Amino acid sequence: MNFSTALDLLKVGSKLARSGWNANGQFVYMVPANSYAAQTDAARETFGDLVPYEAYFALKTVRNTVSMWVPSTGDLLAEDWYEV
């Protein structure tokens, strides 16, 4: 599938990957806007006990960690997206 279709699926909670990615077990998902407990003095001084955040894309890596993800031009133009 193309990224336009993939984006629609991400918005409703699907996990997606590309067959062109070399990493097994890696996928992208969307994290909806929410808030988390402040972890640092800087966050507490700025926001109080809860830090609000906007929606973002997260990548589940092959190391079983999560990182923020921004699609590359290649990702945006790819036709090899699939639902995990």
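The values are calculated or read from the model by the stated rules, or taken from the named source; none is laboratory data. Every value quoted in this text rests on a predicted model; they were computed, and no experiment measured them. Here the Cβ positions follow ideal geometry from the backbone for every residue, glycine too, while neighbour counts run over all protein chains shown. When the accessible area is computed, the model is the full protein with side chains, heavy atoms only, and any ligands, DNA or RNA have been set aside. Shrake-Rupley method; radii C 1.70, N 1.55, O 1.52, S 1.80 Å.
Structure notes:
- Restricting the stretch 57-72 to residues that are in contact with a Phe, Trp or Tyr (Cβ under 8 Å, 6 or more places away or on another chain) and surrounded by 10 or more Cβ atoms within 10 Å (Cβ to Cβ) leaves a set whose member that is farthest from residue 22 (Cα to Cα) is 57.
- The lone exception for residue 17 - which of (1) within 18 Å of residue 70 (Cβ to Cβ); (2) free of Cβ contacts under 8 Å to residues at least 40 places away in the same chain it fails: (2)
- Within the stretch 6-34, if we keep just the residues that are of a type in the set (Gly, Ala, Ser) and open to solvent by 50 Å² or more (accessible area, probe 1.4 Å), the residue that is farthest from residue 73 (Cα to Cα) turns out to be 33.
- Evaluation of residue 13 against the conditions (1) in a helix (DSSP H, G or I); (2) under 14 Å from the mean Cα position of the chain (by Cα) shows that the sole unmet condition is (1).
- Residue count, the stretch 20-53 (criterion: in a loop (DSSP other than H, G, I, E, B) and either over 13 Å from residue 71 (Cβ atoms) or among the charged types (D, E, K, R) (or both)): 12
- Some residue of the stretch 73-84 being surrounded by fewer than 11 Cβ atoms within 10 Å (Cβ to Cβ), assigned to a loop (DSSP other than H, G, I, E, B) and modelled with pLDDT of 95 or more: no
- Qualifying residue in the stretch 39-53 (condition: within 16 Å of residue 18 (Cβ to Cβ), open to solvent by 60 Å² or more (accessible area, probe 1.4 Å) and free of Cβ contacts under 8 Å to residues at least 24 places away in the same chain): no
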